[in-house]
Amino acid sequence: MGSVIRLATDADRAAAIDTISRAFFHDPVWSWVFPDDAQRPAIYTRFWDFFLTAGLRNQSVDVVDDGAAVTIWVPPGESELAPEEEAALVEYLRPVCGERIDVVLEVFDRFERAHPTDPPHWYLSVVATHPDHAGKRLGVDLIAHRLRVADDEHAPAYLESSNPLNLARYEKLGFEPTGEFALPDDGPVVTTMWRAAR
């Protein structure tokens, strides 16, 4: 029996956060933002929950089986986080990041400035596969699942790739690189990618 792709519910929260946290533990961008290996698991548990909560509200979180892979999308015309969620995230980050807070907030500003505002599009905020299930194409299948929704709506899609190793996978799904931006303080480079409406 093959894997089952379905819409996530609040009951999937713990498994989804665990998968995202493990998948992004060594991510070039987010491990640079949160450089302490010992503290990162606890930070990730709270950090990624901000984005998962918003995705669940938008009914745009997809999972495979019991959370072996997860995608968080932002539907066309929606904000990734509500203003009060953004404020709560900043307040969470201040003590976590300490003297690096201005650098970390600049990271988010650069993501925001790179993000196209028009036309309305599906935004792939997070794609994560639990390391125990790596190499099974679960993440690719999840992305393709939501892209079929986008195609039915004749809507484009957008993502930022925080890991150069993933660019070829995204290109096979129809995304094309549109630019890149570097994080402050000689941080890693992020690639922006766009998939035209079908």
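When the chain is treated as a Gaussian network with alpha carbon springs shorter than 10 Å, the biggest mean-square fluctuation among 127, 140, 149 belongs to 149.
Please identify the helices of the chain, taking whole runs of DSSP H, that span at least 18 Å along their own axis as judged from the Cα atoms and have a mean Kyte-Doolittle score of -1.0 or higher.
40-57, 83-97, 101-114, 138-152
How would you classify segment 5-195 from its alpha-carbon gyration tensor, with a ≥ b ≥ c the square roots of the eigenvalues: rounded for a/c under 1.5, else prolate if a/b is greater than b/c, otherwise oblate?
Rounded shape, in that the Cα axes give a/c under 1.5.
Charge tally for residue 15 (other residues, Cβ to Cβ under 10 Å; Lys, Arg +1; Asp, Glu -1): -3. Between segment 74-103 and segment 10-39, the alpha-carbon centres lie 16 Å apart. Out of 107, 70, 29, any idea which swings most in a Gaussian network model of the chain, alpha carbons joined below 10 Å? Residue with maximal mean-square fluctuation among 107, 70, 29: 107.
When the helix-only estimate is applied to the chain (DSSP H runs of n ≥ 4, each -39,500 (n - 2.57), divided by the residue count), what is the mean residue ellipticity at 222 nm, nearest 500 deg cm²/dmol? List each step's numbers first, then the result.
Working: 7 runs with 83 residues, N = 198.
Value at 222 nm, helices only, nearest 500: -13000 deg cm²/dmol.
The relative contact order of the chain comes to 23 percent, based on Cα pairs under 8 Å that sit 6 or more residues apart.
Output the peptides 128-138, 95-105 sorted from most to least packed, where packing is the average of other Cβ atoms within 10 Å over each peptide's residues.
128-138, 95-105
Each value in this text was obtained by applying a stated rule to the coordinates, not by laboratory testing. Fair warning: this is a prediction, and the values are worked out from it, not measured in the lab. Counting neighbours? That spans all protein chains shown, and the Cβs are built from the backbone with ideal geometry, glycine included.
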